[in-house]
């Protein structure tokens, strides 16, 4: 009987995809960054500031905290409910969306989202030793992977699934461009002057995207800015690359009705990415280009929202024939 | 051995499992034996297993914590000792419930048409005119099969004499059925071996029966059914989602629906607008259509009443059916049954006093410390005076309220609600309970096997509402034959 997909549940699927992805990435980011700091010599004052920058919440952060100590930044990113992008909020929103999608997503998937949220609320509350934090964050990423696996393997690959994936991949594409942006940032200036630590930030970026191993086995060049950015933007084999994300969005859009406008937007971005010469870019041009990517991703989000979620009812409703199969 | 039945005291109440002499009632022997053989550790394990299942299944209800602080989700409080009802007794209750709901539906239909029952003086007309639940907008409307209350949750209690009484009829948006269904799932996970000891009637056909009932309200083939919920912060949202899912219906909020110029209801989908044929609304009727009722309602759908009046959509329960869900009208239900069906009621009402009648009101005012006083239109146990547990000030306040508005009050003797063994730490103690079966009316009538047993978890308390410290038990209708 439910051959139809409500605009509202489509929207919630989309946001479930986004929040799950955001939760996983933020958990991963904190772990990887902590790891990176261990590798750096003491005199390099990198600190925790880059993480605040990645999440685009520097202004809020500065209004809440006086310093960027490990403790404050971790609190801000992990369990501070005042930060809309914190891990706990991402999981809470994922759970609320999943809750309203019971019956659309498989029951175990909801149970894992629920467990992930409860785990974060109880086990990632302060104060937290570094070891407990790392193992707790790993548990979160594992929960999210399980949710992903359950949904991928067990839920009907219908329109809700398409929206879930579209949300997931837009979020992922957005996060990948942010990571690259921060990788090129000035925080690293003091680090890269020291020979053994040159390009250490790119190693860290790759690791955050689970892409270090893939890079080593598929790119025949040492790790440095040009090839890493090219790999992360353009390699369609890498699940967390921009190209892969955009391809996935396109593929999922193809299964949806009334998809001409959103498809046009995503195809335009795909062309732009394919034709860009990221290796030649640096400094300001690169930064401007990454900004433009984010603007484009926002446009894609907007087009999807207008087409499927927030459309105005037509003046004369038409009786649609039921989709079969 | 930690549940020692010889220590169990029924204390003058009717206990559902144990006789006053401490013996298991007919049918309860196997259950008591299995429970009595469990060690402390085993009991703790089962209890933990139930809690884990409830947590993992995400069975929650929402508690309002007051303004500003919003609401929180609590896990559903559940007692692992089931309540047993013999099939033979249940069959008699079922017949009584069908009779009662049939009569109530005829009553509502009459009230919104010729009002014969008022003309004949069986129910005073002024009660209807002054009823907060009477909806003038519904006069003259003909819902399919003449049925208005499609889903009814009737609260039953057993008094010390062992007899089952109807405490109240919930005809507006009764909830709890999903907990009845989930309780059974939890029990299967926690006590699989007990299911081998008994022939326990299944409850899980309820969603199919509900879907069948709703489908019978329209002539369209493969109709589109929508469950209309106020949204995720409603205390029964879990149930709305659960039922929509189990019926393969669309769970919608007001903002998902739109009424076209053709007076048809449509839902907003990714394909565009799709017609809806039946709306199972879980929103109070004052909120369903801002064009007609509360203009500031954000929960409803502008034009829904228009579409209903035009016969383009079926609404379950029909707006206005709350006119029979009124604590004062309740006192007339036995007469209502006799009037429409020409039959004696099979299930008794709790004896009740109407404050609008001078003699009865005087009795109530003289005996406030012994009676339970209920306002006509509250639910969830709110706004009641429980005489024996009240203070002098509370009684004085109620006396003033009754005198000011006698139509709005009725009173009943304090019932000695039956008890059932309930786990407290690792032993069993009696706790008071009631039972809410659900009755579906469409082309035919269906009664759940058993229902939702609600139990007051606090010692001595008779307040079973989940919003006020109540829990629940699985309810087994068992056949020994």
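The values are calculated or read from the model by the stated rules, or taken from the named source; none is laboratory data. Quick caveat: nothing in here was measured; it's all calculated off a predicted structure. Here the Cβ positions follow ideal geometry from the backbone for every residue, glycine too, while neighbour counts run over all protein chains shown.
Conditions tested, residue by residue: (1) closer than 21 Å to residue B:124 by Cα; (2) surrounded by 14 or more Cβ atoms within 10 Å (Cβ to Cβ); (3) at pLDDT below 95; (4) touching a strand residue (DSSP E or B) at 6+ places or on another chain (Cβ under 6 Å).
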{"residue": "B:327", "(1), (2), (3), (4)": "yes, yes, yes, yes"}
{"residue": "B:331", "(1), (2), (3), (4)": "yes, yes, yes, yes"}
{"residue": "B:340", "(1), (2), (3), (4)": "yes, yes, no, no"}
{"residue": "B:353", "(1), (2), (3), (4)": "yes, yes, yes, yes"}
{"residue": "B:362", "(1), (2), (3), (4)": "yes, no, yes, no"}
{"residue": "B:366", "(1), (2), (3), (4)": "no, no, yes, no"}
{"residue": "B:379", "(1), (2), (3), (4)": "no, yes, yes, no"}
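Would it be correct to say that residue B:225 is over 30 Å from residue B:86 (Cα atoms) and either in contact with a strand residue (DSSP E or B) (Cβ under 7 Å, 6 or more places away or on another chain) or surrounded by 22 or more Cβ atoms within 10 Å (Cβ to Cβ) (or both)?
yes
Any idea which of (1) within 14 Å of chain A (Cβ to nearest Cβ); (2) modelled with pLDDT of 95 or more; (3) in a loop (DSSP other than H, G, I, E, B) is the one residue B:280 doesn't satisfy?
(3)
If a residue must be assigned to a loop (DSSP other than H, G, I, E, B) and more than 9 Å from chain A (Cβ to nearest Cβ), how many such residues does the range B:255-268 contain?
Count: 1.
So is residue B:301 in contact with a strand residue (DSSP E or B) (Cβ under 6 Å, 6 or more places away or on another chain), crowded, with 24+ Cβ neighbours inside 10 Å and assigned to a loop (DSSP other than H, G, I, E, B) or not?
For residue B:301, the condition - in contact with a strand residue (DSSP E or B) (Cβ under 6 Å, 6 or more places away or on another chain), crowded, with 24+ Cβ neighbours inside 10 Å and assigned to a loop (DSSP other than H, G, I, E, B) - is met.
List the helices (runs of 4 or more DSSP H) that sit entirely inside the range A:16-103 and contain at least 1 residues that are out of contact with any helix residue (DSSP H, G or I) (no Cβ under 9 Å at 6 or more places or on another chain) and closer than 22 Å to residue A:180 by Cα.
A:58-64
Residues of the range B:163-193 being out of contact with any helix residue (DSSP H, G or I) (no Cβ under 8 Å at 6 or more places or on another chain), assigned to a helix (DSSP H, G or I) and buried (at least 21 other Cβ atoms within 10 Å of the Cβ), which ones?
Passing the criteria: only B:183.
Please go through (1) at pLDDT below 90; (2) farther than 28 Å from residue A:166 by Cβ for residue A:72 and return the number of the only condition it doesn't satisfy.
(1)
Considering each residue of the range B:227-254, count those that are closer than 21 Å to residue A:310 by Cα, touching a residue at least 24 places away in the same chain (Cβ under 8 Å) and either facing chain A (nearest Cβ under 9 Å) or assigned to a helix (DSSP H, G or I) (or both), and give that number.
Counting residues in the range B:227-254 that are closer than 21 Å to residue A:310 by Cα, touching a residue at least 24 places away in the same chain (Cβ under 8 Å) and either facing chain A (nearest Cβ under 9 Å) or assigned to a helix (DSSP H, G or I) (or both) gives 6.
Taking the options A:238, A:232, name whichever one is part of a helix (DSSP H, G or I) and surrounded by 13 or more Cβ atoms within 10 Å (Cβ to Cβ).
Answer to the selection: A:232.
Rundown of residues vs (1) loosely packed, with under 15 Cβ neighbours inside 10 Å; (2) assigned to a helix (DSSP H, G or I); (3) modelled with pLDDT of 85 or more, yes/no style:
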| position | (1), (2), (3) |
| --- | --- |
| A:284 | yes, yes, no |
| A:291 | yes, yes, yes |
| A:296 | no, yes, yes |
| A:301 | no, yes, yes |
| A:304 | no, yes, yes |
| A:307 | no, yes, yes |
| A:311 | no, no, no |
| A:320 | no, no, no |
| A:324 | yes, no, no |
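Would the range B:140-158 turn up any residue that is free of Cβ contacts under 8 Å to residues at least 60 places away in the same chain and either more than 21 Å from residue B:317 (Cα to Cα) or touching a helix residue (DSSP H, G or I) at 6+ places or on another chain (Cβ under 6 Å) (or both)?
Yes.
Which count do you get for residues in the range B:118-143 that are more than 23 Å from the chain's Cα centre (by Cα) and on the phi < 0 side of the Ramachandran plot?
Qualifying residue count for the region: 17.
Scan the range B:304-355 for residues that are outside any loop (DSSP other than H, G, I, E, B), closer than 28 Å to residue B:365 by Cα and over 18 Å from the mean Cα position of the chain (by Cα) and report the count.
5
What is the number of the single condition among (1) within 17 Å of residue A:6 (Cβ to Cβ); (2) more than 12 Å from every other protein chain (Cβ to nearest Cβ); (3) at pLDDT 90 or above that residue B:216 does not meet?
All conditions pass for residue B:216, except number (1).
Count, please, the residues in the range B:265-288 that happen to be touching a residue at least 24 places away in the same chain (Cβ under 8 Å), surrounded by 20 or more Cβ atoms within 10 Å (Cβ to Cβ) and more than 19 Å from residue B:233 (Cα to Cα).
Residues meeting the conditions: 7.
Is at least one residue of the range A:134-148 modelled with pLDDT under 90 and surrounded by fewer than 24 Cβ atoms within 10 Å (Cβ to Cβ)?
Checked the range A:134-148: at least one residue is modelled with pLDDT under 90 and surrounded by fewer than 24 Cβ atoms within 10 Å (Cβ to Cβ).
What number of residues within the range B:435-466 satisfy the criterion of being part of a strand (DSSP E or B) and touching a residue at least 40 places away in the same chain (Cβ under 8 Å)?
13
Of all residues in the range A:1-15, which are within 13 Å of another protein chain (Cβ to nearest Cβ) and assigned to a helix (DSSP H, G or I)?
A:7, A:8, A:9, A:10, A:11, A:12, A:13, A:14 - these are the residues of the range A:1-15 that are within 13 Å of another protein chain (Cβ to nearest Cβ) and assigned to a helix (DSSP H, G or I).
When residues of the range B:381-394 are filtered for being crowded, with 16+ Cβ neighbours inside 10 Å and in a helix (DSSP H, G or I), how many remain?
Of the residues in that region, 1 qualify.
Would you say residue A:111 is surrounded by fewer than 24 Cβ atoms within 10 Å (Cβ to Cβ), more than 30 Å from residue A:253 (Cβ to Cβ), within 14 Å of chain B (Cβ to nearest Cβ) and free of Cβ contacts under 8 Å to residues at least 40 places away in the same chain?
no
Suppose we keep only residues that are outside any loop (DSSP other than H, G, I, E, B) and under 16 Å from residue B:242 (Cα atoms) within the range B:203-213. Which one would you say is nearest to the other protein chains (Cβ to nearest Cβ)?
The qualifying residue nearest to the other protein chains (Cβ to nearest Cβ) is B:211.
Is it the case, given these coordinates, that residue A:11 is closer than 30 Å to residue B:214 by Cα and out of contact with any strand residue (DSSP E or B) (no Cβ under 9 Å at 6 or more places or on another chain)?
yes
Can you spot a residue in the range B:402-412 that is modelled with pLDDT of 90 or more, in a loop (DSSP other than H, G, I, E, B) and either farther than 21 Å from residue B:150 by Cα or more than 17 Å from the chain's Cα centre (by Cα) (or both)?
no
Within the range A:158-172, identify whether any single residue is at pLDDT below 90, out of contact with any strand residue (DSSP E or B) (no Cβ under 7 Å at 6 or more places or on another chain) and within 13 Å of chain B (Cβ to nearest Cβ), and answer yes or no.
Taking every residue of the range A:158-172 in turn, none turns out to be at pLDDT below 90, out of contact with any strand residue (DSSP E or B) (no Cβ under 7 Å at 6 or more places or on another chain) and within 13 Å of chain B (Cβ to nearest Cβ).
The conditions are (1) crowded, with 17+ Cβ neighbours inside 10 Å; (2) part of a loop (DSSP other than H, G, I, E, B), and residue B:54 fails exactly one of them. Which is it?
Status for residue B:54: all satisfied but (2).
Look through the range B:143-162, keep the residues that are at pLDDT 95 or above and assigned to a loop (DSSP other than H, G, I, E, B), and return whichever of them is nearest to residue B:410 (Cα to Cα).
Only one residue fits best here, namely B:149.
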